[in-house]
Amino acid sequence: MDRIADIAAVLATMREARSVERLLRELLTASEAEKLSLRWDIVRCLSEGESQRAIAQKLGVSLCKITRGARELRKGGSTLKRVFAARVGGFPRP
């Protein structure tokens, strides 16, 4: 069974962002939520055109951690790229 597909199916049925947020906070440990949030910040910064070095310095992470997000955004048919392109005003910053 593909557990990620199962989680995605559940999230897709949820209509309110607040409910999804509560589910994620209940499902993830504080450490897991922090790691996911950091990965989101990395991809958001990349999608806004920030350099990998600037992101590494700003977020205190290695270039290796940033490279994966950059690679995903460069892929043809990237869902990440479509998600960020659809948000003309961008996503709120913490």
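Somewhere in region 45-61, is a residue among the basic types (Lys, Arg) and at pLDDT 95 or above?
Step one: list which residues in region 45-61 are among the basic types (Lys, Arg), which gives 53, 58.
If we keep only those that are at pLDDT 95 or above too, we end up with 53, 58.
Within region 45-61, one or more residues are among the basic types (Lys, Arg) and at pLDDT 95 or above.
How many residues are surrounded by 14 or more Cβ atoms within 10 Å (Cβ to Cβ) and either touching a Ser or Thr at 6+ places or on another chain (Cβ under 6 Å) or of a type in the set (D, E, K, R) (or both) when one looks only at region 68-89?
Count: 3.
Filtering region 1-23 down to residues that are basic (Lys, Arg) and in a helix (DSSP H, G or I), which residue is modelled with the lowest pLDDT? First the steps, then the outcome.
Of all residues in region 1-23, those basic (Lys, Arg) come to 3, 15, 18, 22.
Still in the list and also in a helix (DSSP H, G or I): 3, 18, 22.
Numbers: ARG3: 93, ARG18: 96, ARG22: 97.
The extreme case among them is ARG3.
When region 24-54 is examined, which residues are found to be part of a loop (DSSP other than H, G, I, E, B) and surrounded by 11 or more Cβ atoms within 10 Å (Cβ to Cβ)? Let's see the steps before the verdict.
Start the filter on region 24-54 by keeping residues that are part of a loop (DSSP other than H, G, I, E, B), which leaves 28-29, 48-51.
Listed by number, the residues that qualify are LEU28, GLU48, GLU50, SER51.
What is the number of the single condition among (1) in a helix (DSSP H, G or I); (2) surrounded by fewer than 10 Cβ atoms within 10 Å (Cβ to Cβ) that LYS65 does not meet?
The number of the failed condition is (2).
The values are calculated or read from the model by the stated rules, or taken from the named source; none is laboratory data. Since this is a predicted model, take the numbers as computed values, not measurements. Here Cβ is always computed from backbone atoms with ideal geometry, including for glycine, and neighbour counts include all displayed protein chains.
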